[in-house]
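Student: Pasting a structure below so you can have a look.
The values are calculated or read from the model by the stated rules, or taken from the named source; none is laboratory data. It should be emphasised that the depicted structure is a prediction, and the values quoted were computed from it without experimental measurement. Virtual Cβ from ideal backbone geometry, glycine too; neighbours counted across all protein chains shown. These area figures cover heavy atoms from the full protein model, side chains too; ligands, DNA and RNA do not enter into them. Shrake-Rupley method; radii C 1.70, N 1.55, O 1.52, S 1.80 Å.
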Amino acid sequence: MDYSVKELNTVKDARNTFRFASFSERVAKIDINVFRQVRGNQQNLPSLGEDSSFFYESLLDLRKFTHSSYCRRLFSQLIKLSLSLPLLLHNKTKVVHILINAMSSHQDDVDILIPLLRLTALFVRDVRHHVVPEIGQIIVCLVELIDEGKHLTILENSFNCISFIFKYLMKHFVDNLSGVLEYYQDLLGHKRQVVRRFAAESFAFLLRKSLQLNTVNDHLHNILFLRPTNREEKNCLLYTSDAADDL
């Protein structure tokens, strides 16, 4: 059972302590604000020292508490590749492939996906610009998870992972907005309103950080007026264009 659909019943004289929250109520409570997500994670160095990594330390904790034999094998494999930060950097391409393959093969398994999404965000935090050659593969994988996601928890955590990646690789993405739009165009025009909303909010974060106002406006103009775009996608892009006005 997905316990996240239950919440405390605040109706006076209600018989049941808990009630089932509607999908729209759950969506309304989700916050993918990048600064708020990252502000609580401002620890500068891993607790094991500067030669360690947040990725490695999280793997140790996850392996300790997981009850899944698959996850224990997976985490042990990743631990061997990340015993130190230099080793993690050396094995970064292998780590990316392992994470992507694991997420792609368990798209509907919340218990496996959630820790993998957290590990992906921590991995990018540790290696930063060194992962730029592989970052496109990671974003494509996350977009596929969102596109196919049947659980709101997966959608929320996938977008939070993207938000962390945007934060830690901000310069790369701000300088390559056209590339981000290539990944995001299907999400901005997605059939599900919640996906369109999340996509617009996370993309607006990059627009607000861009110092290239003319470039931003050109990107939005090209998508809105120079190529076929459905109504939902245009609405989301018009939402993000408000962010450009703040620059």
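Student: Consider segment 86-112. How many of its residues are outside any helix (DSSP H, G or I) and surrounded by 14 or more Cβ atoms within 10 Å (Cβ to Cβ)?
Tutor: Residues meeting the conditions: 4.
Student: Right, something else. Name the pairs: first residue in segment 44-70 and over 14 Å from LEU85 (Cβ atoms), second residue part of a helix (DSSP H, G or I) and open to solvent by 40 Å² or more (accessible area, probe 1.4 Å), Cβ to Cβ under 8 Å, at least 6 apart or on different chains?
Tutor: Qualifying pairs under 8 Å: ARG63/ARG72; THR66/ARG72; SER68/ASP111.
Student: Follow-up. Consider LEU237 carefully, then state whether it is touching a Leu at 6+ places or on another chain (Cβ under 6 Å), farther than 28 Å from PRO133 by Cα and at pLDDT below 80.
Tutor: No: the conditions fail for LEU237.
Student: Here's a follow-up. Evaluate the following for VAL95: is it at pLDDT below 95 and β-branched (Val, Ile, Thr)?
Tutor: No, not satisfied.
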